[in-house]
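Report on the structure given below.
The values are calculated or read from the model by the stated rules, or taken from the named source; none is laboratory data. Everything numeric in this text was worked out from a predicted model, so none of it was measured. Note: ideal-geometry Cβ built from the backbone for every residue, glycine included; neighbour counts use all protein chains shown. To get the accessible areas, we keep the full protein, side chains included, count just its heavy atoms, and leave off ligands, DNA and RNA. Shrake-Rupley method; radii C 1.70, N 1.55, O 1.52, S 1.80 Å.
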Amino acid sequence: MVPDWSEKRRHIMSQGQTAATAGPATDSARHAGTARVKRGMAEMLKGGVIMDVVTAEQARIAEDAGAVAVMALERVPADIRAQGGVARMSDPDMISEIIEALSIPVMAKARIGHFVEAQVLQALGVDYVDESEVLTPADPHHHIDKWSFTVPFVCGATNLGEALRRLAEGAAMIRSKGEAGTGEVSNAVVHMRTIRAEIGRLSTLPAEELYAAAKELRAPVELVTEVARLGRLPVVLFTAGGIATPADAALMMQLGADGVFVGSGIFKSGDPARRARAIVEATTMFNDPDVLVKVSRGLGEAMVGINVAELPPAARYADRGW
Amino acid sequence: MSGPRIGILALQGDVREHARALSDVGARAAEVRRAAELAAVDGLVLPGGESTTIGRLLRVFELLEPLRAAVVAGLPVFGSCAGMILLARDVVDGRPDQPLIGGLDMVVRRNAFGRQVDSFEVDLDVDGVEGPPVHAVFIRAPWVEKAGDAVEVLARVAEAPVAVRQGPLLATAFHPELTGDSRMHRLFVDIVRSSGSGR
């Protein structure tokens, strides 16, 4: 029998971990930062939209529109593309200001492999860290050891093997990478279809072929076995990267996403508040064309897009991470 | 005999986990996004999620008033976490315009246990649930700040009520749907069966 890998890991990680100093009366029998609490937080975001924001004012617009969480960052991906330079974790003052302004969860991005940025974000009290390819990677070989944190992590993936390697490192939520900052949804579609197809294939394999499948996927066999048994990832799978319209959001939901990250698509458009509301409503009623028609009307200008096919290889964020 | 038909409000949140827990205890789960779907169920689950988001969508998709009416008419409802907030009379630390369904005579404090880094698991004794303690998962969870005399407190963490019942309305600050222990859902299905509303 194959052991339940995630529970085993959780048990290992809980050794020597102190209970969080939560609430007014801390109880020693409480366990914080467990895999279940981290993954469970993402379960509560399902069917929702997480919006990139760079100021407290934008964060308020996002919360008013019905976002389930916001992602605090210094520049939206479209501006990182346009302006170039090194993209890093946001200014702690800005993150604190956003945390103060909102009642919904606040996420923030750290560079791939930059575990100290993640430590800073955890100390600031952010609710989820995105170890993100949109920022300039800090380590060309190693992602952050996410098990060593109390705060949960979401990571991007372009295929199943990449998703499982991130889970092996302790990620509690996965998102497709897409191609951030382009307003072009094709890469998100490809990544979502690829992950789903690879999961479908695993589910058809006899048990003795899962070892070779794990080798091909470059992922731990315990996780591969778990995915084959469940027929899905053991964590929530959101979509991200290039979603710019309500129809884009509904497309990704119909392709099997559990929820949607919208980056530049909202605050680089003509009427952010209205577009934000429309994308939230389209994500809930993704299967109802009548609602999609209604919410798609009168949104003003969408963000100006970039065709992914025209991007030189060095400008493709989805290729960052390994 | 087929089990009761129990709706799960499916505007946002962990709908799938509640559906599995309900089917584990013999209920037929159905997603509810429209007022017409609400009329076809014997009981309703309000899942975990983001209460401000769900509240706004209740208004946009014109479910708020039908839900309030159904609760007044005696529809059994079980809310976990965000669902508990929606069943409260009032909320502390919420948004000023946050729509609530109400029904439970209580005031809840949103995110009372802190932010995500403070989220935790703990074993809890819950009145009305037989056997070993319930393993309870609290995620940016609320607690009950004030409760009227008609509200029965089923469980507490550090003095704060975290599971309550008032007639056919049941609410937990934690997420029984995340643990594979379906005893809270069994309790709710028993409430639905005994209410026999014949809707």
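Does residue B:30 count as surrounded by fewer than 24 Cβ atoms within 10 Å (Cβ to Cβ), touching a strand residue (DSSP E or B) at 6+ places or on another chain (Cβ under 8 Å) and within 26 Å of residue A:290 (Cα to Cα)? In short, yes.
Can you spot a residue in segment B:7-14 that is among the polar types (S, T, N, Q) and either touching a Phe, Trp or Tyr at 6+ places or on another chain (Cβ under 6 Å) or modelled with pLDDT of 95 or more (or both)? Checked segment B:7-14: at least one residue is among the polar types (S, T, N, Q) and either touching a Phe, Trp or Tyr at 6+ places or on another chain (Cβ under 6 Å) or modelled with pLDDT of 95 or more (or both). For segment B:61-80, the set of residues classified as part of a helix (DSSP H, G or I) and more than 22 Å from residue A:63 (Cβ to Cβ) consists of B:65, B:66, B:67, B:68, B:69, B:70, B:71, B:72, listed by residue number. Residues of segment B:101-119 that are in contact with a helix residue (DSSP H, G or I) (Cβ under 7 Å, 6 or more places away or on another chain), surrounded by 19 or more Cβ atoms within 10 Å (Cβ to Cβ) and away from every other protein chain (no Cβ under 14 Å): B:101, B:103, B:104. Would you confirm, using the coordinates I've provided, whether residue A:213 is open to solvent by less than 10 Å² (accessible area, probe 1.4 Å) and either at positive phi or within 17 Å of the chain's Cα centre (by Cα) (or both)? Taking the combined requirement at face value, the residue does not satisfy it.
Taking (1) crowded, with 17+ Cβ neighbours inside 10 Å; (2) touching a Lys or Arg at 6+ places or on another chain (Cβ under 9 Å) in turn, residue A:298 satisfies each apart from (1). A count restricted to segment A:75-86 and to residues that are closer than 23 Å to residue A:277 by Cα and without any contact (Cβ under 8 Å) to a residue 24 or more places away in the chain stands at 1. Among residues of segment A:186-199 that are charged (D, E, K, R), those with a beta-carbon under 8 Å from a residue that is open to solvent by less than 50 Å² (accessible area, probe 1.4 Å) and in a helix (DSSP H, G or I) at least six positions away or on a different chain give the pairs A:198/A:160; A:198/A:161; A:198/A:217. Considered as a group, the residues in segment A:237-256 that are more than 16 Å from the chain's Cα centre (by Cα) and of a type in the set (S, T, N, Q) include one that is farthest from residue A:155 (Cα to Cα), and that residue is A:245.
For segment B:56-72, the tally of residues that are open to solvent by 40 Å² or more (accessible area, probe 1.4 Å) and within 11 Å of residue B:102 (Cβ to Cβ) stands at 2. Taking segment A:168-190 as the range and being touching a Phe, Trp or Tyr at 6+ places or on another chain (Cβ under 8 Å) and in a loop (DSSP other than H, G, I, E, B) as the test, the residues that pass are A:169, A:170, A:171, A:172, A:177, A:179, A:180, A:181.
Taken over segment B:120-157, the criterion of being surrounded by fewer than 23 Cβ atoms within 10 Å (Cβ to Cβ), of a type in the set (A, V, I, L, M) and part of a loop (DSSP other than H, G, I, E, B) is satisfied by B:126, B:129, B:150, B:151. Of the residues A:64, A:79, the single one that is within 14 Å of chain B (Cβ to nearest Cβ), open to solvent by 20 Å² or more (accessible area, probe 1.4 Å) and either acidic (Asp, Glu) or not in a helix (DSSP H, G or I) (or both) is A:64.
Would you check if residue B:178 is under 23 Å from residue A:104 (Cβ atoms), within 10 Å of chain A (Cβ to nearest Cβ) and either basic (Lys, Arg) or open to solvent by 10 Å² or more (accessible area, probe 1.4 Å) (or both)? Against the criterion (under 23 Å from residue A:104 (Cβ atoms), within 10 Å of chain A (Cβ to nearest Cβ) and either basic (Lys, Arg) or open to solvent by 10 Å² or more (accessible area, probe 1.4 Å) (or both)), residue B:178 qualifies.
The number of residues in segment A:271-290 that are part of a helix (DSSP H, G or I), within 11 Å of another protein chain (Cβ to nearest Cβ) and either open to solvent by less than 40 Å² (accessible area, probe 1.4 Å) or of a type in the set (A, V, I, L, M, F, W, C) (or both) comes to 5.
So in segment A:150-179, with the set limited to residues that are crowded, with 24+ Cβ neighbours inside 10 Å and out of contact with any strand residue (DSSP E or B) (no Cβ under 8 Å at 6 or more places or on another chain), which one is farthest from the other protein chains (Cβ to nearest Cβ)? The selected residue is A:179. May I ask you to verify whether residue B:93 is farther than 19 Å from residue A:33 by Cα, within 14 Å of chain A (Cβ to nearest Cβ), in contact with a Ser or Thr (Cβ under 8 Å, 6 or more places away or on another chain) and open to solvent by 60 Å² or more (accessible area, probe 1.4 Å)? Answer is yes for this residue. Residue A:256 falls short on exactly one of the conditions (1) surrounded by 13 or more Cβ atoms within 10 Å (Cβ to Cβ); (2) out of contact with any Leu (no Cβ under 9 Å at 6 or more places or on another chain); (3) at positive phi, and that condition is (2).
Screening residue B:193 against (1) open to solvent by 40 Å² or more (accessible area, probe 1.4 Å); (2) farther than 28 Å from residue B:39 by Cβ; (3) outside any loop (DSSP other than H, G, I, E, B) leaves a single unmet condition, (2). If you go through segment B:36-55 one residue at a time, how many are open to solvent by less than 10 Å² (accessible area, probe 1.4 Å), in contact with a Lys or Arg (Cβ under 9 Å, 6 or more places away or on another chain) and more than 14 Å from chain A (Cβ to nearest Cβ)? Residues flagged as open to solvent by less than 10 Å² (accessible area, probe 1.4 Å), in contact with a Lys or Arg (Cβ under 9 Å, 6 or more places away or on another chain) and more than 14 Å from chain A (Cβ to nearest Cβ) within segment B:36-55 amount to 2.
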